[in-house]
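A short worksheet on the structure shown next.
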Amino acid sequence: MDPILEKLGEAVEFGKVDRNSPYPPNMKDQDGADELAKQALDQGINPGSVLNEALVPAMDRVGEKFSRNQIFVPQMLMSAKAMSAAMNHLKPFFQSGDVKTKGTFIIGTVKGDLHDIGKNLVAMMIEGGGWTIIDLGVDVNEDTFNQTVAENPGAVVGLSALLTTTMANMEVIVQKIKEAHPGTKVLVGGAPLNDDFRAKIGADFYSPDPRGAVEYLNSLVA
Ligand code: B1M
């Protein structure tokens, strides 16, 4: 792997946001995820490689360490901040300057769930695919989704959940959207989901990744 991607992965894994960040103390005065992501892109490294070879595996390592009680929520949060700093540099590459004509996509992380990195990536890629995005953020309840659908008739809705506990909230939200706005297409995703769960809760499509989400949306307007 390119050494800069290795360094970037380490910066995310250990939560080094940028050069000025005092955390972690043993990485003082070193470049952080912010600078390293920029350097990688400036060197011509493909944005997809930056994401898939450095950033996503780093977050997986963070998750594994958290599962083994080797790190705790504050460290996980610093890694998330470092990841977001790097993603800011990727954003322009995944967004096109095209006029948005394909439709509106409403996305949010479901009630009770604060994880937004995956949701932001999906939103970024779908925006790049030519859709107008309404990002409702995290911890979004059924009323907010329904009100936004009412204001944007014909919009497609995307729900993200990262916790097994909040998958139950996702089920309620899908039901309420389908009751209030029959015919609205609902796409779901997030690490603990699968297609059986999607079928059980009555959502229209499950994608494990942003690419599948873009392909599904594009199939709706093909
Ligand atoms: Co949390 N967390 N976390 N966490 N966290 C996980 C999810 C966990 C698996 C870690 C672990 O135990 N190994 C675990 C969940 C266990 C479970 O329920 N199965 C967990 C836990 C337990 C918790 C807390 C309960 C910890 C605590 O407080 N004791 C707590 C819950 C808070 C809450 O939400 N109410 C918590 C808190 C946090 C932080 C706030 C510290 C931070 C989030 C910061 C943020 O998002 N701004 C955090 C983080 C960073 C993680 C891990 C380490 C990384 C998540 C991430 O960003 N991954 C995570 C472990 C892991 O995933 N390896 C973990 C990178 C991202 C690119 O992947 O989000 O999966 P992901 O998104 C992917 C796909 O899933 C898909 O595409 C994305 C790109 O490929 N996708 C979609 C996602 N949404 C989609 C929607 C779609 C389609 C595809 O269509 C609409």
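Quick note: the coordinates plus some simple rules give every number you see, no bench work behind them. On a predicted model such as this, the values are computed, not experimentally measured, just so you know. Every residue, glycine among them, receives a Cβ derived from its backbone with ideal geometry; neighbour counts consider all protein chains shown.
Using Cα centres only, tell me the gap between segment 146-222 and segment 67-88 in whole Å.
27
Taking the Cβ of residue 218 as the center, what net charge do the other residues with Cβ under 12 Å away carry, scoring Lys and Arg +1 and Asp and Glu -1?
Neighbour charge sum, excluding residue 218 itself: +1.
Let me make sure I get this right: for segment 85-144, a, b and c are the square roots of the gyration tensor eigenvalues over alpha carbons, sorted descending. Under 1.5 in a/c it's rounded, otherwise prolate if a/b > b/c, else oblate. Which is it?
oblate
Based on Cβ point charges of +1 for Lys and Arg and -1 for Asp and Glu, what charge dipole magnitude is obtained for the chain about its Cα centre, in debye rounded to the nearest 20?
Roughly 180 debye for the chain.
When a footprinting reagent is the concern and you count Cβ atoms within 10 Å, what order do 21, 84 take, fewest first?
By the 10 Å Cβ count, ascending: 84, 21.
So, counting K/R as plus one and D/E as minus one, what does the shell of residues with Cβ under 11 Å around residue 29 add up to?
In short, +2.
Based on the alpha-carbon gyration tensor of segment 117-222 and its eigenvalue square roots a ≥ b ≥ c, which shape applies: rounded if a/c is under 1.5, prolate if not and a/b is larger than b/c, or oblate?
Cα axes put segment 117-222 in the rounded bin.
Debye sum, Cα scatterers, segment 17-105, no solvent: what log₁₀ I/I(0) at q = 0.12, 0.21 1/Å?
Listed by q, the Debye log ratios stand at -0.45, -1.05.
Ratio of the chain's C-alpha Rg to 2.2 N^0.38 Å, to two decimals?
With N residues counted in the chain, Rg over 2.2 N^0.38 Å equals 1.06.
Take the alpha carbon gyration tensor of segment 52-168, find the square roots of its eigenvalues, order them as a ≥ b ≥ c, and report rounded if a/c is under 1.5; if not, report prolate when a/b exceeds b/c, else oblate.
Oblate shape, in that a/c is at least 1.5 and b/c is the bigger or equal ratio.
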